[in-house]
Amino acid sequence: SYGASEAKVPDLMDVVVDLTETGSTLKKNGLKIVGQIMESHTALLANHESLRDPEKRREIEEITTLLLGVIEARHQVLLTMNVPSAALDRVIEVLPAMKKPTVGRLHGIDYFGIQTVVQKGLVNGLIPHLKAAGAEDILEIPITKIVR
């Protein structure tokens with residue numbers, strides 16, 4: 001529900017059982033976790049008969065693709081930044097990417113906007129190098145899914 005359920009709790013009920021990853025939405029809505037009932041993990045199960053059915057197999061493969069996309073995204077972030085034209089080559093030189101960074105001209109000025117996907121664990125060490133190479137306005141954005 002992306003947090004929509006938690007907002008209703010204070011008005012409608014005294015207690016709720018909720019599935020949560022971090023609890024941040026609960027806290028934002030004035031709620032607190034008082035106990036953990038269980039810890040769970042996502043599993044996709046299919047029987048052999050379903051896998052032999054072309055329609056069901058296609059649906060299973062689609063769900064698998066989406067689940068794997070979420071798993072891959074857990075360890076990646078999107079970095080965006082603005083770079084003056086004179087610094088573009090220096091910034092690109094230190095910038096990791098899935099394939100190559102996305103680069104586009106900014107309207108009306110001699111700057112480029114750059115987007116790239118970076119491993120979360122590399123970001124804090126990378127940002128000072130990007131800044132030293134000339135990058136400005138650096139944003140780190142969470143990614144929820146990467147589908148290749």
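Just so you know, all these numbers are worked out from the coordinates, no wet-lab data involved. These figures come from a predicted structure and were not determined experimentally. So basically every Cβ, Gly included, is an ideal-geometry build from the backbone, and we count neighbours across all protein chains shown.
Cut-off under 20 Å on the C-alpha distance; same-chain residues fewer than 8 positions from residue 27 excluded. Which aspartates and glutamates are left, in chain and number order?
By straight Cα distance, residue 27 reaches 6, 11, 14, 18, 39.
Read phi for every residue in region 77-89 and hand back ³J(HN,Hα) as whole Hz from Karplus 6.51 cos²θ - 1.76 cosθ + 1.60, θ = phi - 60°, with x for Gly and Pro.
Once rounded to whole Hz, the list reads 9, 9, 9, 10, 7, 10, 9, x, 3, 5, 9, 4, 4.
Just flag the trypsin sites (Lys or Arg not before Pro) in region 22-120 sitting in loop per DSSP whose Cβ has no more than 10 other Cβ atoms within 10 Å.
Within region 22-120, the qualifying trypsin sites (Lys or Arg not before Pro) (loop, at most 10 other Cβ atoms within 10 Å) are 32, 99.
Using the Karplus equation 6.51 cos²θ - 1.76 cosθ + 1.60 (θ = phi - 60°), what ³J(HN,Hα) coupling, rounded to whole Hz, does each residue of region 105-114 give in order, writing x for Gly and Pro?
Computed from phi, the couplings for region 105-114 are 5, 7, 5, x, 9, 8, 10, 10, x, 10 Hz.
Grab the beta carbon distance between residue 90 and residue 115, set R0 = 22 Å, and tell me the FRET efficiency rounded to 0.05.
E between residue 90 and residue 115, to the nearest 0.05, is 0.80.
Roughly how many nanometres apart are two label points built 7 Å out from the Cα toward the Cβ at residue 52 and residue 36?
4.2 nm
Straight distance only, please: which lysines reach the Cα of residue 28 with their own Cα at less than 19 Å, same-chain residues fewer than 8 apart left out?
8
Using only alpha carbon positions, build the gyration tensor of the chain, then give the equivalent ellipsoid semi-axes as the square roots of 5 times its eigenvalues, largest first, whole angstrom.
38, 26, 14
Work out, step by step, the length gained on full extension between residue 141 and residue 75: first 0.36 nm times the residue separation, then minus their alpha carbon distance; give nm to one decimal.
22.6 nm
With all distinct Cα pairs included, what does the Kirkwood hydrodynamic radius of region 74-142 come out to in Å, to one decimal, could you say?
Answer for region 74-142: a Kirkwood hydrodynamic radius of 11.9 Å.
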